[in-house]
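Written out below as structure tokens is the structure these notes cover.
The values are calculated or read from the model by the stated rules, or taken from the named source; none is laboratory data. Just so it is clear, the model here is predicted, and its values are computed rather than measured. Note: ideal-geometry Cβ built from the backbone for every residue, glycine included; neighbour counts use all protein chains shown. Ligands, DNA and RNA are excluded from the accessible area calculation, which covers all protein heavy atoms including side chains. Shrake-Rupley method; radii C 1.70, N 1.55, O 1.52, S 1.80 Å.
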Amino acid sequence: MRKVRPREDLCSGPLSFSSGILALEIAMGDWMTVTDRGLSSESKTISQYTSEIKMSPSSLYSQQVLCSSIPLSKNVHSFFSAFCTEDNIEQSISYLDQELTTFGFPSLYEESKGKETKRELNIVAVLNCMNELLVLQRKNLLAQENVETQNLKLGSDMDHLQSCYSKLKEQLETSRREMIGLQERDRQLQCKNRNLHQLLKNEKDEVQKLQNIIASRATQYNHDMKRKEREYNKLKERLHQLVMNKKDKKIAMDILNYVGRADGKRGSWRTGKTEARNEDEMYKILLNDYEYRQKQILMENAELKKVLQQMKKEMISLLSPQKKKPRERVDDSTGTVISDVEEDAGELSRESMWDLSCETVREQLTNSIRKQWRILKSHVEKLDNQVSKVHLEGFNDEDVISRQDHEQETEKLELEIQQCKEMIKTQQQLLQRKAFEEERASWLKQQFLNMTTFDHQNSENVKLFSAFSGSSDRDNLIVHSRQPQKKPHSVSNGSPVCMSKLTKSLPASPSTSDFCQTRSCLSEHSSINVLNITPEEIKPNQVGGECTNQKWSVASRPGSQEGCYSGCSLTYTNSHVEKDDLP
Amino acid sequence: ASCVQYRLVVRDVNTLQILQLYTCLDQIQHIEWSADSLFILCAMYKRGLVQVWSLEQPEWHCKIDEGSAGLVASCWSPDGRHILNTTEFHLRITVWSLCTKSVSYIKYPKACPQGITFTRDGRYMALAERRDCKDYVSIFVCSDWQLLRHFDTDTQDLTGIEWAPNGCVLAVWDTCLEYKILLYSLDGRLLSAYSAYEWSLGIKSVAWSPSSQFLAVGSYDGKVRILNHVTWKMITEFGHPATINNPKIVVYKEAEKSLQLGLGCLSFPPPGAGAGPLLSSESKYEIASVPVSLQTLKPVTDRANPKIGIGMLAFSPDSYFLATRNDNIPNAVWVWDIQKLRLFAVLEQLSPVRTFQWDPQQPRLAICTGGSRLYLWSPAGCMSVQVPGEGDFAVLSLCWHLSGDSMALLSKDHVCLCFLETEAAVSTACRQLGGHT
């Protein structure tokens, strides 16, 4: 019981132990159970204890197992000290050795040479055993973990299966109930059906009965009627006889004079001849009526036949042109159309000859019409199929290509339009230039003619020139642009002219607000034409000159204010450029 | 011509001027013009007398006395020279000749609503006879009263015979207890027999189309069956349901136009949307929108002559339309388009329709309901005309003039002539008279 005591201490200890201690405790407890089960009965009580330990902290149990890797704390030491103290070292060692040997571990003691009372503790063995125990512990914990997880899994599976089972049970229940309901309804409907059948039968029987009654009553009634009628007739006869026998002179016609017959003829005796005549007349009337009706019917027939033939012809004409078109799916029926046409042509001629309601002719006509109609129908059906196929398959290749083509074409057309626009612009500009050239030529002529008169003014103009150098940008521009004139005589000729023109234009010195006026002045005098001369000369030298030319030409164009504006603004820039560029 | 008590008054149609005045020996029950309009016969059934007057010679007179034989019916022969008198109890028919003063007797005539019928051209007369409880038909030549044909008919109890307008076919139909109509040709051969159903009440009314192409048979089941003259088989049947659903059919409902503002209860609520053509003082037609349900009358099943079935049938003179009246919907007149074989229009009156008659010249229908209004229908529309006069003129029957320009409206003791002009205006002339024309 020595073993028990220390365990009692352990068992009775409060649960305030740390996790590690508890784990060990429980682990120890485990061992106890394992060993105890297999071993002596004296340890059964121990097993009880240990099992208690196992059961009670069940929730902590799993957690604690998982935390088995938590390192042992100081409390363990106290725990160890509780088991093995200074006093019972030998006892504890021997006990441990016993336990370990039973477990199959090597002995803790050293090999004893003899039967000595005290055996030395084999430290190596102890360490090995400790290691083994640790390994074992780890393995067990791992196994426990696995078992735990498996247990959880199985638990969840179980839950799931149980829920499935319950659901299926419910479903089964509901379907059973439904089935019962349907069966019930079916039964009811069958009942109703039977009832209705019964009612119907009853009604039919009743109807039959009533009919029989009516029939019997009718015969009875007829009998009675006949009887009564006979009586009545007898009475009538009697009465008639009486009346006739009465020799009543009163039955007479008192007429003033005979009235002539309506048609003026005399009355005639009734003879056999008249009878025969009457018969003849009657038959004549009948025959007339029949003939008349037959005529009507013949007319109708002829009309209908005409209509049918027309229909046939139209149908043939409808079907035959189809063959000329290159169709992908030419079938034999269209071939038969042609042959039919030929046949029918012959038939038609024959028919027209026999315009009677002859049996064979009639049959031929109807048959041929039927044939044509069938062909037409199949043709229409094919067309329908084709149409539906087209719809189903979506766009053909042809369509796609055509669309692309279409787009390409539109692009091409757009490009063309742009090109055309540009061409028009350039042509317009060229036209203007041409106009200016013409004007320039005319001015040159004029200037040439006026040259001699303006010589003295040149100096003045130069002075003015300098004076006005700062007046307006425009003038500056003009001036600056004109400055580097190193061209030959034409230019020089033009320059005094320019000067003159400039003087003319100077009074109307432009400010930004009066720009329109200057423009108009300029356009009037077309001085810019002159000015254009100079940059034009520069044109081959300067790249920017061209632009300025253009712009100035634009500016001088009468009636285009925007053009002037733009032209002038551009001239600013260009001239600035020019300024820089010009040498 | 009209008669008052025992006087016969002959008036001019256009002016209503009295042309002649004759006095008979007794109260006149029946007057009839001869076919050539030269003579008028006046029959006095009580006395068994027939007096004939001439219009050309007012002093000419003729008196036929049947004596004890009695007189039940009297009519002219088509040539206007013979008078057929049916003696009492239908013992015999006496044919009196005005030309020869001779008498012929025809035995065993049948006592049925329509036992004598003349062909349109007046050549032949068909007479229904019954001997030994069997029906026979005799065809006589009217010119000399020779018996042409005599044949028996396969009928239980012949109710009526009628020649087709072309005079070649004779329609013979059976009692209403059995639906059977037989068609005989002029020479007595049976052309065809038609029976739509059995065990129910059968034929109620029969009408030939003026072109002889169609034979309309109205029966107690509320349907009209049209037979064609080629095969004598039914080509269609027209039902007369109480509810009309087809929007293509024009339904004219007569509605009162309330004139009194005080007693507002008298006005009938207009049934449908839109107003129809109208020209009247007190009532107008309104076009009712479908579905329209007509007023029906539940027939008393245990009485004789139940008010069900097609009681009235009439073809328009061009055979394009057929007017019918279903007796359980007594307020409505149904007009059928024969060209298309479908219902064309329905006119619902406020009171039961008494009679209708087509204009002899054009498809115009005149209807009277016993009220003081005359109703006219044509494919263009319909209108209701108030008959002028003091007090209420209850139009009980009407009769068109052959020219289609005028018609006579008869009330109990008045006659009113209605002149129709080509425009919408209608003028009426009223005279107080007695008896009937």
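Inside the range B:252-280, residues that are of a type outside the set (Gly, Ala, Ser), modelled with pLDDT of 50 or more and touching a Ser or Thr at 6+ places or on another chain (Cβ under 8 Å) make up a count of 3.
For every residue, the table says whether it meets (1) within 14 Å of another protein chain (Cβ to nearest Cβ); (2) of a type in the set (Asp, Glu); (3) part of a strand (DSSP E or B).
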| position | (1), (2), (3) |
| --- | --- |
| B:Asp144 | yes, yes, no |
| B:Leu147 | yes, no, yes |
| B:Leu158 | yes, no, no |
| B:Glu178 | yes, yes, no |
| B:Asp187 | yes, yes, no |
| B:Ala193 | no, no, yes |
| B:Ser200 | yes, no, no |
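Considering the range B:17-37 alone, what residues qualify as being among the hydrophobic types (A, V, I, L, M, F, W, C) and either buried (at least 17 other Cβ atoms within 10 Å of the Cβ) or touching a Cys at 6+ places or on another chain (Cβ under 6 Å) (or both)? B:Cys24, B:Ile28, B:Ile31 - these are the residues of the range B:17-37 that are among the hydrophobic types (A, V, I, L, M, F, W, C) and either buried (at least 17 other Cβ atoms within 10 Å of the Cβ) or touching a Cys at 6+ places or on another chain (Cβ under 6 Å) (or both). Taking the range B:362-424 as the region of interest, the strands (runs of 3 or more DSSP E) fully inside it that hold 2 or more residues being crowded, with 20+ Cβ neighbours inside 10 Å and either without any contact (Cβ under 8 Å) to a residue 12 or more places away in the chain or over 21 Å from the mean Cα position of the chain (by Cα) (or both) are B:381-386. The combined condition, being within 11 Å of chain A (Cβ to nearest Cβ), in a loop (DSSP other than H, G, I, E, B) and either β-branched (Val, Ile, Thr) or open to solvent by 30 Å² or more (accessible area, probe 1.4 Å) (or both), is not fulfilled by B:Ser212. Residue pairs whose Cβ atoms lie under 6 Å apart, separated by 6 or more positions or on different chains, with the first residue in the range B:50-63 and facing chain A (nearest Cβ under 8 Å) and the second among the β-branched types (Val, Ile, Thr), are B:Cys62/A:Ile255; B:Cys62/B:Val52. Within the range B:190-210, residues that are among the hydroxyl-bearing types (Ser, Thr, Tyr) sit with their Cβ atoms under 7 Å from residues that are part of a loop (DSSP other than H, G, I, E, B), at 6+ positions apart or across chains, in these pairs: B:Ser192/B:Trp232; B:Tyr194/B:Trp232; B:Ser195/B:Tyr179; B:Ser195/B:Lys180; B:Tyr197/B:Tyr179; B:Ser200/B:Tyr220; B:Ser200/B:Asp221; B:Ser209/B:Ser319. Scanning the range B:94-105 for residues that are of a type in the set (Val, Ile, Thr), part of a strand (DSSP E or B) and either facing another protein chain (nearest Cβ under 10 Å) or over 26 Å from the mean Cα position of the chain (by Cα) (or both) yields a count of 2.
Scanning the range B:83-108 for residues that are over 28 Å from A:Arg230 (Cβ atoms) and either surrounded by 21 or more Cβ atoms within 10 Å (Cβ to Cβ) or among the charged types (D, E, K, R) (or both) gives B:Ile83, B:Trp96, B:Ser97, B:Leu98, B:Lys101. Scanning the range B:181-204 for residues that are farther than 30 Å from A:Asn212 by Cβ and small (Gly, Ala, Ser) returns B:Ser185, B:Gly188. Residues in the range B:64-93 that are within 20 Å of B:Cys112 (Cβ to Cβ) and hydroxyl-bearing (Ser, Thr, Tyr) were compared, and the one that is nearest to the other protein chains (Cβ to nearest Cβ) is B:Thr87. Taken as a whole, the condition of being surrounded by fewer than 17 Cβ atoms within 10 Å (Cβ to Cβ), in contact with a His (Cβ under 6 Å, 6 or more places away or on another chain), within 12 Å of chain A (Cβ to nearest Cβ) and in a loop (DSSP other than H, G, I, E, B) applies to B:Ala111. Filtered by the rule that a residue be among the basic types (Lys, Arg) and either open to solvent by less than 10 Å² (accessible area, probe 1.4 Å) or assigned to a strand (DSSP E or B) (or both), the range B:324-341 gives a lone residue, B:Arg325.
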